[in-house]
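The next block holds one structure in the form of structure tokens; read it before the comments.
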Amino acid sequence: MRRKNTTAQIMKKYIITALLLLMEKEPFSQITIGQITNKAGVNRSTYYRHFHSKEEIIETFFCNILKQSILSLPETSQNQLSKYLSHIFKTFYQYKKEILIIHRNQLSYLLLPALNDYFLENVDMINKKFETKVPLYYHTGGIFNDFILWFEHDMEPKPEIFAQIASEICLPNIKPLLLSNRYYQNKNIK
């Protein structure tokens, strides 16, 4: 059944869901665009209108989880790093099955561009000096590696414990960047 009269966001969701369902049964490298479009109920032109590659689908999946975590962030978590991180990790934990399928297909590296977009989006990187960029990229790389370690351990310990450990090792000068006014700026994301 072909889908008609749906929004771009819904079409992307169909395509993401289709790929993840296919990955439950066969390796990512063997899945074709035709299989994805058939499973999603969309035509190839719809696929190519929204994605340039299968990898971009996975990256978009990660971006969506990060956006969801911000949109659902409780106001009580805005200024406390461990609660803030716990909320992000809990959001990821909701997608444990899908994330572990992605990880087992050696595609976890696609989380890094999503994290870079998420944590660096409010920073004017063009006008920043190299010395200013280094701690931001260092921090994002650390978070990425923590996620990879967590995925390798089947997302154990639980998100709250993982957040507590991560918040204790965060560099003090990075904490204000995490707890910036990003919350208020992103509440209007649709």
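The values are calculated or read from the model by the stated rules, or taken from the named source; none is laboratory data. In this text, all values refer to a predicted model and were calculated from it rather than measured experimentally. Every residue, glycine among them, receives a Cβ derived from its backbone with ideal geometry; neighbour counts consider all protein chains shown.
For first residues located in segment 21-42 and surrounded by 15 or more Cβ atoms within 10 Å (Cβ to Cβ), partners that are part of a loop (DSSP other than H, G, I, E, B) and at pLDDT 95 or above and lie 6+ apart or on another chain with Cβ distances below 8 Å form the pairs 22/31; 23/31; 23/105; 28/105; 28/107.
Each row is one residue, and each column tells you yes or no for (1) closer than 20 Å to residue 114 by Cβ; (2) of a type in the set (Val, Ile, Thr).
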| position | (1), (2) |
| --- | --- |
| 18 | yes, no |
| 22 | no, no |
| 45 | no, no |
| 57 | yes, yes |
| 62 | yes, no |
| 82 | no, no |
| 90 | yes, no |
